[in-house]
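First the structure, in the form of structure tokens, and then the observations on it.
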Amino acid sequence: MSQHIGSESQGWLSRGLTKLRLPIFLLGIALLVLAYRYLELYPVTYNRSMESFFPATDERLQLYKLSRQWFPSEHSLLVVYRDTELWTPEGMARQLRLQRELESCAGVSRVLALASSPCPTNPFLNIAEAVKQASSAADLEAIRKQVQATRLYAGVTLARDGLTTALLVQLHRDLGSPEEAGQKLEAIRRVARQTLEAEQAATVLGPFTAGTLLMIHDVYEYTSQDGRRLQFYSVLLMALVIAGAFILPELRRFWERLRCGQATALAGLLDLIASVRWLLLPFLVIYSTLTWAEAIWSFLRGEMTMVGSAISSLVAVISVVTVVHLGLHYRELRSRLDSQTALQQTLHYLGPAIFWMLLTTAGGFGALLVCEIKPVYDFGMIMLLATLFVGVAATLFFPLTAMGWHHRAAPRGHLEPIAHYGLIRSLQILDRRPLLCGGLLLVPGVALALGMGQLQPQTDFTNNFRKETEVYRAYRFIEDSYGGAGQLELIVETPDLFSLSNDELRGFLAKVRTLQDRLTNLRIQTEQGEIVPGISKALSITDFYDFLDNLPVVNKFLTPRVRLFFLAGDVRAARKELGLLATAVPGNLWKSVEKYSVLSTFWNREERKLRVILLARERLSTWAKRDLLKQIHQCCGEELGQTKYWLTGIYLMLANLIENVLRDQAYTTLISLGCMFGMAMCAFRSWKLASIAMLPTVLPVIAVVGTMGWIGLPVNIATAMLASVAMGMTIDSSVLYLYRLREEQWRGASFAQALLRTHCGTGTALLVASCALVLGFSVLTVSRFIPLVHFGLLAALALLGGVIGNLILLPLLLRATHRPAWQELSQIIWGRDLVISVTSDANSGNSA
């Protein structure tokens, strides 16, 4: 599309769209119906797995998947509660009832509980039976102390305080579809809560249910529910802005006609009814765009990650801004032209500016495609498609909707004179105090931008939820009262344990035990300055091996190799190793060996890999987690020597994920800047205008991002997208402003006349559109998912700063580059006939 408004191609296109407005409107409806039908046949599914956060080529993801192949990958949940009557028959019976209720839930494989575990003082009784049979308080105290001293239970099913207990709910590998899995997880949490509530025990605090699968499910549930609600309220708020800009003037005119008793009151009523179309148009553009983008995404990939909640709100924002600019310009022309001519002039004059506006916005979203974080990449790709579809939908639906069925002149809205007065007043202030105005914007902006060097990633994933949410309260209680809720896996290369002699096996297990002890003694500092254990529990095969010391026959017969066969559930090999001594082993012990086999959970014989499960504190700062991981590697290097080891798990992957967020933010910001500058160069064919457009765009955004660093607001998965998205939207105002300024000059106006018309005409549209933008983004602040809250708040502030930059800083830059011409503008804005001049100039310029 050519730059000049009088070009033949633009004239032909605007005339064609005006003439064929009904066929292209019907074409848009047909495409909408087709896309809707396609989504019914091939709906977009939501991938709620942990793997959906990472690209398939990510090395950490590949190691995580490999570890799932080496060892049984049963997912699990923790159900934790505190019971001051735990060490009584009633407390143990309460836990057994809870265990039975949880085992009856769909998707549960088994539930490990303290009450049903073998008692260390008498392994042939479970702990509940031993507590019930205790004849005295001294016997009960002996049982409690022995359980607390047992490595297999301490930090796993029993916390250090001896009153907080955990049930380990092991889930089936296949939980069904994401919706079915979510329902099963919710049912487990609900059953745990209802079961203990039914007990009506004043001694019980909880339960609190937590787990990686449940946390990811809550993320998707919150974002999905918030997405629907936020879309409704964002569109509603922006509809109020549109009503104020388009419907209120018609209402005011109808009321004046009605009060005066004019015969034209009926025509005014029809005009008022017709103005409602400006509310319907944004809805049509929004839902067409969302449907088309979702249909294309279904065709390309078929699944969506954690991005849906913000997409609908952003599409609503972009659609409303597009409609506002087109509609206000059309209404301004309709005040003195017939509808057909006004529509042609709007498409002919504003069409190219809207085209470049959407293209620069798409470039901002396109910069996110370099991100390695899969949800961010998906978000960028979907929003790029949606932004382009906004242009398609506006092209198809705007011509027919705008023209309506009347050729009467529409009144000027009462917003425009008020906005004109404020905008002219701002030019007068800029004329009198240019250095002061520039300093008030640039000095604080640059000072705030320096805070970008202080940015830190958000590594505590629980801080992504509001404090009143169930998932946040669960993790807080578990971390404070039970132990670490994050899970790491240390995988160590081993020889074939079955081929080792008793002495060699004893020495190897002692080495692993020493490593576990050192890991649990690691200390880190919290944000409050408190020194706490970084690893609350290290669980491996050695804990089960040592538990066999409680068996009465262990010291006589159970050599290290026999114990290993016991843990493997290999009765035949154990009998062969014992030889004639096998007859001395009680029969119920052989039954237990056949029933419980744990070795494969921690050791893979084919791959010669041993697994140590580490429970780490989740609620730690970035620096604390870095320090903890560094200590773990140092400890493993000292204890294992040349033995190969790998560290993996959800905990490590999430920590590295957020680390990548900070790096990707820098990349996407630079790429976004390059894309926008390139788009501006193509739009203006001038590096000077492109450079002028960048400063009001970049400064408010980096100032807001820098403010995050100064106030200690961490970078999360949503705010990592802030810079590129906000710049892609704030440059829209610069493009529209400079595009009209240049077009006015090409049409014969002097620089002063062109700037005045642009500042008053385009400035009014920018104010209305910016109100819609800020309201649309501010709705995100009520989300229960904190990253969306931060993204909405910071994006609203950045866009608000962009408006100030485009209406104050941009004229200052033009003043600096057009000093002689500014003198003429100074005479005009301080002249007595200012109001008449502005009205006359604006009208004449638009009718050219």
Label model pair Leu240, Asp549: point-to-point distance (7 angstrom along the Cα→beta-carbon line) in nm is 6.9
Reported to the nearest 10 Å², Lys537 has, with a 1.4 Å probe, an accessible area equal to 20
The answer for GluC sites (Glu not before Pro) in the stretch 440-506 that fall in a DSSP coil and have at most 14 neighbouring Cβ atoms within 10 Å is Glu468
Per the charge dipole of the stretch 641-792 (beta-carbon charges, Lys/Arg positive, Asp/Glu negative, Cα centre), the residue among Ala666, Leu741, Met727 reaching farthest to the positive end is Leu741
Calculated from DSSP helices alone, with each H run of at least 4 adding -39500 (n - 2.57) and the total divided by the residues of the chain, [θ]222 nm to the nearest 500 comes to -21500 deg cm²/dmol
Here FRET efficiency (C-beta to C-beta, Leu670 to Val571, R₀ 60 Å, nearest 0.05) is 0.40
Expressed in angstrom and rounded, the centroid-to-centroid distance over alpha carbons for the stretch 688-745 and the stretch 318-389 is 16
Taking alpha-carbon centroids only, the stretch 211-244 lies from the stretch 56-133 a number of Å equal to 36
Scoring only Lys, Arg, Asp and Glu (+1, +1, -1, -1) among other residues with Cβ under 14 Å from the Cβ of Asp431 yields +4
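Is the shape of the stretch 174-247 best called rounded, prolate or oblate, per the rule: a/c under 1.5 gives rounded, else a/b larger than b/c gives prolate, else oblate, with a ≥ b ≥ c the square roots of the Cα gyration tensor eigenvalues? Can you show the working numbers first?
Values: a/c = 4.36, a/b = 2.17, b/c = 2.01.
Prolate shape, in that a/c is at least 1.5 and a/b is the bigger ratio.
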The aspartates and glutamates whose Cα lies under 18 Å from the Cα of Lys576, excluding any fewer than 8 residues away in the same chain, are Glu594
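Rolling a 1.4 Å sphere over the protein heavy atoms, what is the accessible area per residue of the stretch 446-535, to the nearest Å²?
On the way: 3970 Å² over 90 residues.
With all protein chains present, the stretch 446-535 gives 44 Å² per residue.
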For the chain, longest principal axis from Cα atoms; helix 137-149 axis from its Cα atoms; angle between them, nearest 10 degrees, is 60
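Just to verify a number: FRET efficiency for Ser691 and Gln428, C-beta to C-beta distance, R0 = 25 Å, to 0.05?
Details: r = 26 Å, r/R0 = 1.06.
Rounded to the nearest 0.05, the efficiency is 0.40.
What does the highest-first list of 748-758, 598-608 look like by mean Cβ count within 10 Å? Could the numbers behind the result be given before it?
On the way: 748-758: 21.1, 598-608: 16.1.
So the order, starting with the most tightly packed, is 748-758, 598-608.
Report the GluC sites (Glu not before Pro) located in the stretch 144-230 that are in a DSSP loop and have at most 15 other Cβ atoms inside 10 Å of their Cβ, or state none. Walk me through the intermediate numbers first.
Details: sites: Glu179, Glu180, Glu186, Glu197, Glu199, Glu221; in loops: none.
The qualifying sites: there are none.
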Carbon plus sulfur, as percent of the 1.4 Å-probe accessible area of the chain, comes to 59
Per the 1/(1 + (r/R0)^6) rule, R0 = 30 Å and r from the Cβ atoms of Arg605 and Ala106, FRET efficiency to 0.05 is 0.35
Here the stretch 64-71 yields Karplus 3J(HN,Hα) values (6.51, -1.76, 1.60; θ = phi - 60°; whole Hz; Gly and Pro given as x) of 4, 5, 5, 5, 5, 7, 6, 10
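The values are calculated or read from the model by the stated rules, or taken from the named source; none is laboratory data. Since the model is a prediction, treat every value here as computed from it, not as a measurement. Reconstructed Cβ throughout: ideal geometry from the backbone, glycine too, with neighbour counts over all protein chains shown. Ligands, DNA and RNA are stripped out before the accessible areas are found, and what is left, the full protein with its side chains, is counted by its heavy atoms. Shrake-Rupley method; radii C 1.70, N 1.55, O 1.52, S 1.80 Å.
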